[in-house]
1. Would the stretch 65-81 turn up any residue that is small (Gly, Ala, Ser), surrounded by fewer than 14 Cβ atoms within 10 Å (Cβ to Cβ) and over 23 Å from VAL117 (Cα atoms)?
2. Being part of a helix (DSSP H, G or I) and more than 17 Å from LEU101 (Cβ to Cβ) is the filter here, so list the residues in the stretch 29-58 that pass it.
3. Find the residue count for the stretch 119-138, including only residues that are in contact with a helix residue (DSSP H, G or I) (Cβ under 6 Å, 6 or more places away or on another chain) and open to solvent by less than 40 Å² (accessible area, probe 1.4 Å).
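The values are calculated or read from the model by the stated rules, or taken from the named source; none is laboratory data. Because the structure is a prediction, the values reported are computed rather than measured. Positions of Cβ are backbone-derived with ideal geometry, glycine not excepted, and every protein chain shown enters the neighbour counts. These area figures cover heavy atoms from the full protein model, side chains too; ligands, DNA and RNA do not enter into them. Shrake-Rupley method; radii C 1.70, N 1.55, O 1.52, S 1.80 Å.
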Amino acid sequence: MTEGQTRKPVSVWVLTLDLLVLGLGGLYGGILFLLDPSGARMGVPLSLLEGLPLQDFLLPGLFLLVVMGMAPLILAAAVWKRVPRAWEATLILGLVLLLWLGAEFLLWGYQAPIQIVTSVLDLILLGAILLPGTRRWLTG
């Protein structure tokens, strides 16, 4: 450990684990939607897309794969290594996920337990990133 560094706060450990879980879930969901854009493999009916400018789950699958899969995994490494701007990028991801979940609940209401699990993971992300110890660790 170099001079000026301190031990990682518990909140950084929690945040990193949370990002890993979110990322793995995003990869899983994204890959399944890309393999089967009808949603059948995920048990999601195409009728959910009625009224939206989407024919299938290809674009939501890409969003899940990139934004909710790859981005959290990259950010987990960035947080762990204290990469500059990791704090801001992680906060933005948490807010994007909050908007995504809000849109889901507004459009379709509660559909599946994964919505609750993802909501809790996002609240943990936002809570951990906003803790003063996390911010000091990542920006100091």
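1. No, the conditions are met nowhere in the stretch 65-81.
2. Taking the stretch 29-58 first, the residues part of a helix (DSSP H, G or I) are 29-35, 40-42, 46-49, 58.
Result: ILE31, LEU32, LEU34, LEU35, ALA40, ARG41, LEU46, SER47, LEU49, LEU58.
3. Matching residues across the stretch 119-138 total 11.
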